[in-house]
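The block underneath contains the structure these notes are about, expressed in structure tokens.
The values are calculated or read from the model by the stated rules, or taken from the named source; none is laboratory data. These figures come from a predicted structure and were not determined experimentally. For neighbour counting, all protein chains shown are included, and Cβ atoms are generated from backbone atoms with ideal geometry for every residue, glycine included. To get the accessible areas, we keep the full protein, side chains included, count just its heavy atoms, and leave off ligands, DNA and RNA. Shrake-Rupley method; radii C 1.70, N 1.55, O 1.52, S 1.80 Å.
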Amino acid sequence: MDVRIEESWKKHLAQEFEKSYFKELTDFVREEYKTAKIYPPPKDIFRAFELTPFDKVKVVILGQDPYHGANQAHGLSFSVQHGVQTPPSLQNIFKEIESDLGKPANRDTDLARWALQGVLLLNATLTVRAGAAGSHQSKGWEQFTDAAIKALNDEREHIVFILWGNYAKQKGAHIDWTKHCIIESAHPSPFSATKFFGSKPFSKANTYLVEHDEKPIVW
């Protein structure tokens, strides 16, 4: 696994790359790419970090696994590549944007436009085997992404953490509420969307950013 990660993140996560778990994770992922169909493509594993440098992060949206269907995952949580059918969770996210902000949403499935504005679209696990959700969980990725969240929590202030569903809430359990804004709700998947709709995370995030002299996100 070629760890090509943006310089500011490399500085804050350098210790992780030296730990034994990360070497074991690298060996595992490298072997998986040789022997199975793995998503996303290797060049996109760290794309969330590449597009949103450490000191530019304004919002964090936590996902769990990359999408495991063909041509979907490209390194950003909830986002899929151009030309791919919009997954149900992302459809519901767009619906909530329209309801929350009272105007049509940009329904381009590639959410890089958010990442470039400071929205870290971070999955807990950065790789997955085709057609096998959760197949790369508990291999070390969670420890690595926990370290990224901890670095943001400890060394930055006034970041909005958007936590959808119980998994994201657990992963964000150690965020300091006194330094950051935490917005929690049900997950946007069809199984819990009725509780997700009306949660207004996008307007809440922007209100907080403006209150702290940050430019709001164009959702």
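For the residues LYS95, LYS103, the requirement of being in a helix (DSSP H, G or I), among the charged types (D, E, K, R), open to solvent by 10 Å² or more (accessible area, probe 1.4 Å) and out of contact with any strand residue (DSSP E or B) (no Cβ under 8 Å at 6 or more places or on another chain) singles out LYS95.
Please identify the pairs in which a residue from region 21-35 that is closer than 17 Å to VAL128 by Cβ has its Cβ atom under 6 Å from the Cβ atom of a residue that is open to solvent by less than 70 Å² (accessible area, probe 1.4 Å), counting only partners at least 6 apart or on another chain. Matching pairs, first to second residue: LEU25/GLY140; THR26/MET1; VAL29/MET1; VAL29/THR127; ARG30/MET1; GLU32/ILE38.
Report yes if some residue within region 99-109 is among the β-branched types (Val, Ile, Thr) and closer than 23 Å to ALA14 by Cβ; otherwise report no.
no
Taken together, GLU16, GLU31, GLU50 contain a single residue that is closer than 20 Å to ASP154 by Cβ and out of contact with any strand residue (DSSP E or B) (no Cβ under 9 Å at 6 or more places or on another chain), which is GLU16. Scanning region 77-92 for residues that are open to solvent by 20 Å² or more (accessible area, probe 1.4 Å) and assigned to a helix (DSSP H, G or I) yields a count of 2.
The helices (runs of 4 or more DSSP H) found wholly in region 118-219 include none carrying at least 3 residues that are of a type in the set (Phe, Trp, Tyr), within 30 Å of ALA14 (Cα to Cα) and open to solvent by 10 Å² or more (accessible area, probe 1.4 Å).
Restricting attention to region 1-44, the residues that are out of contact with any helix residue (DSSP H, G or I) (no Cβ under 7 Å at 6 or more places or on another chain) and among the hydrophobic types (A, V, I, L, M, F, W, C) add up to 5. Checking each residue in region 36-71 for being in a loop (DSSP other than H, G, I, E, B), out of contact with any Asp or Glu (no Cβ under 6 Å at 6 or more places or on another chain) and buried (at least 18 other Cβ atoms within 10 Å of the Cβ) picks out PRO40, ILE45, PHE46, THR52, VAL57, GLN64, ASP65, PRO66, TYR67, HIS68. In region 128-169, of all residues being at pLDDT 95 or above and hydroxyl-bearing (Ser, Thr, Tyr), the one that is nearest to the chain's Cα centre (by Cα) corresponds to THR145.
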